[in-house]
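Below is one structure, written out as structure tokens; the observations come after it.
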Amino acid sequence: MPLRWRLALLFTLGAAILIGGVGLLFRQQLTAGMQSAVDDTLQARADAQVARLATTSPSPSPPASREQEGPGQGEHRDTGSDDVTQVLSPQGRVLENGGDGQGPLVSGARLQNAAREPEQFTAVIEGQQYRMLGVPARNGNRTFVVVVGASTQIVEAAAARTSEIFLMAGPPAAALVGLGAYVLAGAALRPVERLRRRLADISEHDIDARLRVPGTRDEIATLATTMNAVLDRLARALARERGFVADAGHELRTPLTTLKAELELAQQPGRSRQALASAVDAAAADTDRLIRLAEDLLLLARADEGHAFLRPRLMAPHDVLAAAVRSASARAAAQDITLRLRGEEDMRMTADPDRLRQAVDNLLDNALRYSPPGGVIDVGLRRRGRHGRAVAVIEVRDQGPGFPPEFLPVAFERFRRADTARSRADGGTGLGLAIVRSIAHAHGGRAMADNPPEGGARVRLELPMPPAHDRRSHGD
């Protein structure tokens, strides 16, 4: 059911309940007010009779027949009037009667109570309900009971008329409220419907389109602003995805083309065994490059999707750095480059040692690629405070030409190379630093690149460390 109809029905139901409640309360208050007025009138009449009897004896009334004796509680008498008055003796004999020949209006225990103190009760006389009041009266040493009554027919008629009015006027009034709610809900939801239609018209080919934000500064404007922010994020994500696919296709095309050419050359007749072996070795190298590229793309895709690809545990980062330096030593020696490792050997932190090793290997690979012969690559590990918490800083610095200034803002983006031609020729994919940043972010840290004043290029990883009590508990 549309929201507009639900709101209309809700308001209709609410109005019906409210009107019914108001009608019931009004009926109760009206009845209580009229009953109070009747009681006040009865009291005034009784007081007048008591004052009269204090100075005047009651005039005799004809004796009542057996059939006319005491109604007690709820017996029927015909008064011929809406008001009744009687003066009774404590024994129940009618001494004075405001009607024609009717028996006592009260008898028994109620009569005895009325002889001592005022007694209020109801009685049915000739099918009509009366409000009755019995009070004691005295004349010298004589005691009488004055009984006055008034019909409640006017009270009952007023209550019935009130109920009738509310029953007749309530449903149309509730329906009118529902109609008003339907119209107002339509007016309130019309801007939302316009936003919905405009949003539905935006396609992937028109991702730069945005919703018009009304100048009303209300919830509709806030909704439009929020939707535009979501569209901005979607546009950026789509642009990254398209760029990623285009760059991946470009990177895959080169080794695949080379691999195809090498295989075609190997198929040519008359090739020597040495030429075939060389072609197979080249094809294997291109295949390895494709495998590395696929693995790197898979890791980045998992990081983008938020999948956990870490297996963190308490470990010594210095051991990971030392293993990475040992692994790169042979390549460094072949290029006449010195590797130096400095840092806190007793440091402990919670991290994935395999992913941390992958990040350091990528940094060393970049540093070796750009360092000149005779250069030095420094690998450092230290601890420092950041925002009130300790972080482990891993730093790799070389003595090469440094990063081009225009490259620094995009250094950690995918398929970005400081030297495009040389990097591709050396087998680089442009994903090394992007993977470093993804690993740092997965650990809750960050990656930074700059050119220090003394020259060369520097890349730093800042990874959070466990609280001090955790390190102490593990012997740090």
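Annotations
Residue-wise test of (1) over 23 Å from Ser438 (Cβ atoms); (2) out of contact with any Gly (no Cβ under 9 Å at 6 or more places or on another chain); (3) not β-branched (Val, Ile, Thr).
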{"residue": "Glu345", "(1), (2), (3)": "yes, yes, yes"}
{"residue": "Thr350", "(1), (2), (3)": "no, yes, no"}
{"residue": "Arg355", "(1), (2), (3)": "no, yes, yes"}
{"residue": "Val393", "(1), (2), (3)": "no, no, no"}
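- Residue check, Asp398 touching a helix residue (DSSP H, G or I) at 6+ places or on another chain (Cβ under 8 Å), modelled with pLDDT of 90 or more and charged (D, E, K, R): yes
- Just one of (1) crowded, with 18+ Cβ neighbours inside 10 Å; (2) aliphatic (A, V, I, L, M); (3) under 30 Å from Leu25 (Cα atoms) fails for Leu111. It is (3).
A quick yes/no check of all residues on (1) modelled with pLDDT under 90; (2) more than 25 Å from Ile291 (Cβ to Cβ); (3) assigned to a loop (DSSP other than H, G, I, E, B):
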| position | (1), (2), (3) |
| --- | --- |
| Leu368 | no, no, no |
| Ile377 | no, yes, no |
| Leu381 | no, yes, no |
| Arg422 | yes, no, no |
| Ala434 | yes, no, no |
| Arg437 | no, no, no |
| His441 | no, no, no |
| Ala447 | no, no, no |
| Arg460 | no, yes, no |
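- Checked against (1) crowded, with 18+ Cβ neighbours inside 10 Å; (2) under 16 Å from Ala46 (Cα atoms), Thr143 meets all criteria but (1).
- Residue ID - surrounded by the fewest Cβ atoms within 10 Å (Cβ to Cβ), chosen from residues in region 123-133 that are in contact with a strand residue (DSSP E or B) (Cβ under 9 Å, 6 or more places away or on another chain) and touching a residue at least 40 places away in the same chain (Cβ under 8 Å): Val124
- Considered as a group, the residues in region 315-340 that are outside any loop (DSSP other than H, G, I, E, B) and touching an Asp or Glu at 6+ places or on another chain (Cβ under 8 Å) include one that is surrounded by the fewest Cβ atoms within 10 Å (Cβ to Cβ), and that residue is Arg340.
- Subset of region 226-275 [touching a residue at least 24 places away in the same chain (Cβ under 8 Å), over 18 Å from Leu299 (Cα atoms) and not aliphatic (A, V, I, L, M)]: His250, Thr254, Pro255, Thr258, Glu262
- Checklist (1) part of a helix (DSSP H, G or I); (2) out of contact with any helix residue (DSSP H, G or I) (no Cβ under 9 Å at 6 or more places or on another chain) applied to Leu105, failing item: (1)
The values are calculated or read from the model by the stated rules, or taken from the named source; none is laboratory data. Small disclaimer: the values here were computed from a predicted structure and weren't measured. Please note: Cβ atoms are built from the backbone with ideal geometry, for glycine as well, and neighbour counts cover all protein chains shown.
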